[in-house]
Amino acid sequence: MEITVQWIRTSWTKQSRGGEAASRRNAAPSGFALPHIEAVSAHMIRMHERDSFEPYDTEEDLGKVDVQLREADGQLRVFPRVNPLFALPPRPRRPPAVRLASGQWVRWQLNYRFSSLAGMQDWSYWLDTFNIAYGPANADVFLSTPTVFVDEQGPLR
């Protein structure tokens, strides 16, 4: 069965926590039209504060996407990985994996907060949005309302 993956990573610093920059960041789309990509690849979009959150896209090997994907009994099990190093903000209890039937898709959002190892730089932040469709999908699939939406964002302070 076909699996279509779109991974959007938005990154910023304290400079974009408020005002006009935060408005641009918050207005960034959480889904994009799909280009033609290989079946073993993911559509990867990056938006950075330094580029005024203008999206740029690439193709990434599906194995490098931080999501567990397992097919069983006609369904796809989807569960993003969160490494202990990336556990900030606190995630006391993660939601369960999502199971998709053919024709369904999930949007799963997680955010992160980082500091330099020596604590010499300001915090930086990421928002990862995983859009994953199971079964045949058209180019505009991630522009519609997802079958399942998981918001696993924590407080960034």
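The values are calculated or read from the model by the stated rules, or taken from the named source; none is laboratory data. Note that the structure is predicted; figures quoted are calculated from it, not measured. With ideal geometry, Cβ positions are generated from the backbone for all residues, glycine too; neighbour counts draw on all protein chains shown.
Assorted remarks:
- Selected residue (criterion: surrounded by the fewest Cβ atoms within 10 Å (Cβ to Cβ)) from residues of the range 126-157 that are in contact with a Leu (Cβ under 6 Å, 6 or more places away or on another chain) and of a type outside the set (Gly, Ala, Ser): GLU152
- Top-ranked residue in the range 5-15 [being among the polar types (S, T, N, Q) and surrounded by fewer than 22 Cβ atoms within 10 Å (Cβ to Cβ); ranked as modelled with the lowest pLDDT]: GLN15
- Residues in the range 38-52 that are touching a Phe, Trp or Tyr at 6+ places or on another chain (Cβ under 8 Å) and not aliphatic (A, V, I, L, M) were compared, and the one that is surrounded by the most Cβ atoms within 10 Å (Cβ to Cβ) is HIS43.
- Taken across the range 12-27, residues that are without any contact (Cβ under 8 Å) to a residue 12 or more places away in the chain and in contact with a helix residue (DSSP H, G or I) (Cβ under 6 Å, 6 or more places away or on another chain) do occur, with at least one present.
- A single member of SER41, SER30 is touching a residue at least 40 places away in the same chain (Cβ under 8 Å) and among the hydroxyl-bearing types (Ser, Thr, Tyr), and it is SER30.
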